[in-house]
Amino acid sequence: MRLVLVLLLLALAPLAYAKDADTQAVMVYGKADNKAPGWSITTSMPSGWHNDCCTYAAAIGVNLVLYQGEWTGKPERVMVLNVWPSKFPTLEAEMQDDRQHYLQSDSHGKVDEFAVINPHTIACQGVLYHGSDHVDDAVVFCDPGKQSGIRYSWSMTLSATDPDRQALIEAFKQVVQHSSYMTYVQGSTPTHTTAKQ
């Protein structure tokens, strides 16, 4: 019954989310758009965090935000999910384009690999941007496959001197690694995949 309800909502709503209070599962989804079928992305939210898709996330033009405490509007310590139609032929090309834009905006910034380890089936690659302002951005790009018509990223901004930096990075990695993608085409069986490195 719950699956039927989810699929019905996928077909009718442009964007929405659901939270399971027992498991801290969070789901965000969007309807079919041109060549991309309807999609949903689910993850496990860290204990004590909050989620929003339709107020704060919509105001900053993203699909989902996870945050602690009260929403401040500041980017630091906020996990951000962004979903977009595939623009480039490969995930590496998407990352290269993002890297180029970052270095154009901060010519003294540095770029490192950001490792995400997961045994599942979605290809994901991470990058850690070190800003010259001592503010860093961890970004993980994921490709659910050509048939999905989309790519998505999780990102989080952190001060280089944040005393909770390592714990926040570990929580962020858990969110990324527990992310799963579902596609739904009317008349077919939904299929699920989960993020991996």
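Points worth noting:
- Eigenvalues of the alpha-carbon gyration tensor of the range 94-143, scaled by 5 and square-rooted, set the equivalent ellipsoid semi-axes at 23, 12, 6 angstrom, largest first.
- With protein chains left intact and a 1.4 Å probe, residues in the range 36-81 average 44 Å² of accessible area per residue.
- HN-Hα J in Hz across the range 39-53 - Karplus 6.51, -1.76, 1.60, θ = phi - 60°, x for Gly and Pro: 9, 8, 10, 10, 8, 9, 7, x, 4, x, 8, 10, 10, 7, 10
- For R151, the residues 5 or more places off, or on other chains, whose built amide H falls under 5 Å of its own are W84, S86.
- Shape call, the range 85-177: gyration tensor on alpha carbons, a/c limit 1.5: oblate
The values are calculated or read from the model by the stated rules, or taken from the named source; none is laboratory data. Worth saying up front: this structure is predicted, and the values here are computed from it rather than measured. Ligands, DNA and RNA are stripped out before the accessible areas are found, and what is left, the full protein with its side chains, is counted by its heavy atoms. Shrake-Rupley method; radii C 1.70, N 1.55, O 1.52, S 1.80 Å.
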